[in-house]
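Student: Below is a structure I'd like to ask you about.
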Amino acid sequence: MTTHAGGTPIMTRSVFSVAVAALLASVAALGGCRSGVSAEAVPGPPAEPASAPARDYAMIFIKTGPLRTPSRAQQSEAMQGHMANMRRLAQEGTLLIAGPLAEPKSDPDHRGIFVFDADTIEKGAALAATDPGAQMGVFAMEPYLLTTAAPLTELTRLEEEFEQRRLADPEVPDEWFGRMYVMASAPYDEDLAQTLPGAEGVLIAGTLTNPRGQQRVFAWLDAPNAPLAAGLLPEADWTFHGWYGSPTLELLPGLEPGS
């Protein structure tokens with residue numbers, strides 16, 4: 001197994017301020033920069049629940065743009081517009097996940113990710129293009145299609161409930177907190193793609209497709225670093241991406257949409 005050298009808050013309406021802080025940290029270098037069987041039925045093994053059908057989301061890798069050394073004024077303008085645009089998209093329910101990538105980074109220009117409730121690369125790219133930072137050249141947007149059965153649209157509800165519990169608990173500091181995860185991808189292999197869903201430590205399994213139609217197997221892992229993530233995965237040529245995000249991501253496995 002090979003690893004490549006190389007963590008972001010879930011971005012929902014209730015935790016926008018957290019994503020602001022995390023994304024500001026991620027771009028600091030630029031400025032100098034989470035059926036039952038009835039009693040009458042013939043006895044037999046219980047039926048396995050039907051798995052949810054996979055669907056498509058747009059996943060955007062946010063990278064350093066062509067304006068690699070913005071002035072202080074340009075950086076401030078780009079970030080203010082970037083945050084305001086994320087707030088708008090999150091309030092609309094379009095932006096499901098956002099935030100910075102961390103070590104290990106497969107690309108030194110990686111800054112963060114967006115996951116949009118959009119079912120084509122083109123729709124995701126159009127949403128990402130509304131980012132003022134991208135329009136200024138501070139960011140460049142690299143779009144993919146993420147196909148997964150994980151109910152990512154439930155993250156908004158889970159995060160809002162998490163935030164309500166946190167604020168209601170006097171023992172918990174009045175600050176959002178998250179944790180490290182690892183994302184991993186490997187050249188597409190059908191057996192590998194079928195093995196990952198439901199595997200220990202795999203929170204989200206699916207495929208990533210680039211604009212040229214090339215696919216990679218994709219996994220979001222319940223692991224704080226690449227070595228631990230590698231221990232959860234079958235043998236393959238994995239590329240790892242560190243990611244900091246919400247603890248609510250841990251609730252996705254086994255969760256049915258609308259539950």
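The values are calculated or read from the model by the stated rules, or taken from the named source; none is laboratory data. Since this is a predicted model, take the numbers as computed values, not measurements. Please note: Cβ atoms are built from the backbone with ideal geometry, for glycine as well, and neighbour counts cover all protein chains shown. Remember, those area values only see protein heavy atoms, side chains included, never the ligands or the DNA or RNA. Shrake-Rupley method; radii C 1.70, N 1.55, O 1.52, S 1.80 Å.
Student: Measure off, as a whole percent, the carbon and sulfur share of the 1.4 Å-probe accessible area of region 58-128, all protein chains present.
Tutor: For region 58-128, the apolar C and S fraction of the accessible surface comes to 50 percent.
Student: Right, next: So for the pair ASP237, ALA54, with labels modelled 7 Å out along Cα→Cβ, what separation do we get in nm?
Tutor: 2.1
Student: Which shape class, rounded, prolate or oblate, goes with region 116-259 when its Cα gyration tensor gives a ≥ b ≥ c as root eigenvalues, a/c under 1.5 marks rounded, and past that a/b bigger than b/c marks prolate?
Tutor: oblate
Student: Quick one: which of 201-209, 124-132 comes out on top by average Cβ neighbours within 10 Å, and what's the full order, highest first?
Tutor: Ranking the peptides 201-209, 124-132 by packing returns 201-209, 124-132.
Student: Once neighbouring chains are kept in place and the probe is 1.4 Å, which whole percent of the accessible area of region 154-197 is contributed by carbon and sulfur?
Tutor: Here it works out to 49 percent.
Student: Now for a separate question. Roughly what would the spin-label model give for ARG179 and GLU200, points 7 Å off Cα along C-beta, in nm?
Tutor: Simple spin-label model gives 1.7 nm for this pair.
Student: When a/c is below 1.5 the answer is rounded, else prolate if a/b is larger than b/c, else oblate, so apply that to region 80-165 with a ≥ b ≥ c taken from the square roots of the Cα gyration tensor eigenvalues.
Tutor: rounded
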